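Working notes, structure below.
The values are calculated or read from the model by the stated rules, or taken from the named source; none is laboratory data. Only a predicted model underlies this, so the values are computations on that prediction, with no experimental measurement involved. Note: ideal-geometry Cβ built from the backbone for every residue, glycine included; neighbour counts use all protein chains shown. Just so you know, the surface numbers come from the protein's heavy atoms only, side chains and all, with ligands and any DNA or RNA stripped out. Shrake-Rupley method; radii C 1.70, N 1.55, O 1.52, S 1.80 Å.
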Amino acid sequence: MERETLTLITEGLERILSDAPLEAIDRAGGLGADADALWAALAENGYPKLCAAEAYNGFGAALADGLEFATITARHAAALPLADTVFAAGLMSAAGCEAPDMRIAIADPLDPASPVPHAAQAGAVLFLSDDRLICAKLTPDDYTVLAKAEDGTARLHGPPSDVIAEHAAPRWLTPQAFRGLAALFRAAQMAGAMQSVLSMTLTYTQEREQFGRPLAKFQAIQHHLSDIACETAASIAAVEMAGDALRADPICGSGVLDEIAIAKTRCGEAASKVAACAHQAHGAMGFTREYALGRYTRRLWQWQDEFGSETEWAALLGRGVLGDAEPSLWPRISQPL
């Protein structure tokens, strides 16, 4: 997709989310009339099918372009599975079938027993089983919602039986590639949430005064702000590099998976530090339910573990380096960008 076209599309998404009652939707767990109205507006503009081919009523964007949607929705802490639906519609289009006009959750093919994000908010779930992509309808009888989890995360009782669509997966879409792409979307979401945490913390510390001067003038607070800014910038860079690799190799080869491993690891490590520094800078205010910071940090903590934790992805990357026939660590980290 042309850059100018994608920019116009993302600007439209920003406007819709900026005008939506996102805090009320979040308090309602992503359910209810406000959530339905927001999703209807998104669907009317075709956003859930950004990465589906035009033949399947989509915009024809690449999965790498969908990362921007993931970042934007996370910057707004939108309690809706837009990023997951964009991802699911893109994979179904690559397999040669059209995604249903509903909210779609995605299941981890390498850990089928793991909780499914957005399950309680979605009408369907996409999973990969025996080299087949299966989109099945979700009902409350199919899952148990986890207490205190974000965005309707639930544990499925088993594979749902009401299949909406089923098709052979593309040959390149292995379980590892599926998880890798989903992990990259989560990394993009973490980077987006960290941008908002940085902005929120800067505003708070500049406006809040203690001992007659803004908090941002105190050296200890400045250290927190510096750490948040550095970790956020590093996370954005890691996601952008993985996105560029995916654009160059849309079938998610080993080089792309390496970049995804770096991005998920880097963003996961950054999420812990950013959340801790932000709460330190906000003091008691950061822990109140009335203040928005928790909407972002709770998601950061949850996204760290979804589709592989930073520990798992770091181990995969390490095994790849150690498994090379020739010493490759230095060539890997010193190659030109």
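Which whole-number value in Å² is the accessible area per residue of the chain, probe 1.4 Å?
Accessible area per residue, the chain: 46 Å².
Please report the Cα spread of segment 21-123 along all three principal axes, rounded to whole Å, starting with the longest.
Projected onto the principal axes, the Cα atoms of segment 21-123 cover 37, 34, 23 Å.
Identify the chymotrypsin sites (Phe, Trp or Tyr not before Pro) of segment 204-277 meeting these criteria: DSSP loop state and at most 16 other C-beta atoms within 10 Å of the C-beta.
Passing both the DSSP loop test and the Cβ count: 211, 218.
Kindly give Rg over Rh for segment 79-171, based on alpha-carbon atoms, with the Kirkwood expression for the hydrodynamic radius.
Reported Rg/Rh (Cα atoms, Kirkwood Rh): 0.94.
For the chain, go through all pairs of different Cα atoms, get the mean of 1/r, take its inverse, and jot down that Kirkwood value in Å. Let's see the in-between values first.
On the way: mean 1/r = 0.0489 Å⁻¹.
Computed over the chain, the radius equals 20.5 Å.
May I ask you to derive the relative contact order of the chain, considering only C-alpha pairs under 8 Å and at least 6 residues apart, and to give it as an integer percent?
14 percent
Sort the following peptides by mean Cβ neighbour count (other Cβ atoms within 10 Å, averaged over residues), highest first: 171-183, 309-321.
Most protected by this proxy first, the peptides run 171-183, 309-321.
Among 294-305, 76-87, 150-161, what's the highest-first ranking by average C-beta atoms within 10 angstrom per residue?
Descending packing order for the listed peptides: 76-87, 294-305, 150-161.
Across the chain, how many lysine pairs, 8 or more apart or on two chains, come within less than 29 Å at their alpha-carbon atoms?
7
Net charge near residue 301: determine it from the other residues with C-beta under 15 Å of the C-beta of residue 301, scoring Lys and Arg +1 and Asp and Glu -1.
Once positives and negatives cancel, what remains is 0.
With all distinct Cα pairs included, what does the Kirkwood hydrodynamic radius of segment 175-323 come out to in Å, to one decimal, could you say?
Hydrodynamic radius (Kirkwood, Cα pairs) of segment 175-323 is 16.0 Å.
Starting from the Kirkwood Rh over alpha-carbon pairs, what translational D in µm² s⁻¹ does segment 264-307 have by Stokes-Einstein at 20 °C and 1.002 mPa s?
200 µm²/s
I'd like the accessible area for residue 217: 1.4 Å probe, protein heavy atoms, all chains in place, Å² to the nearest 10.
So the heavy atoms of residue 217 present about 130 Å² to solvent.
Measuring from a point 7 Å past the Cα of residue 289 along Cα-to-C-beta, which residues in segment 14-33 have an amide N at less than 18 Å?
22-32
How much of the accessible area of the chain, probe 1.4 Å, is carbon plus sulfur, in whole percent? Before the final figure, lay out each step's value.
Values: 8370 of 15440 Å².
Looking at the chain in its full context, I get 54 percent from C and S.
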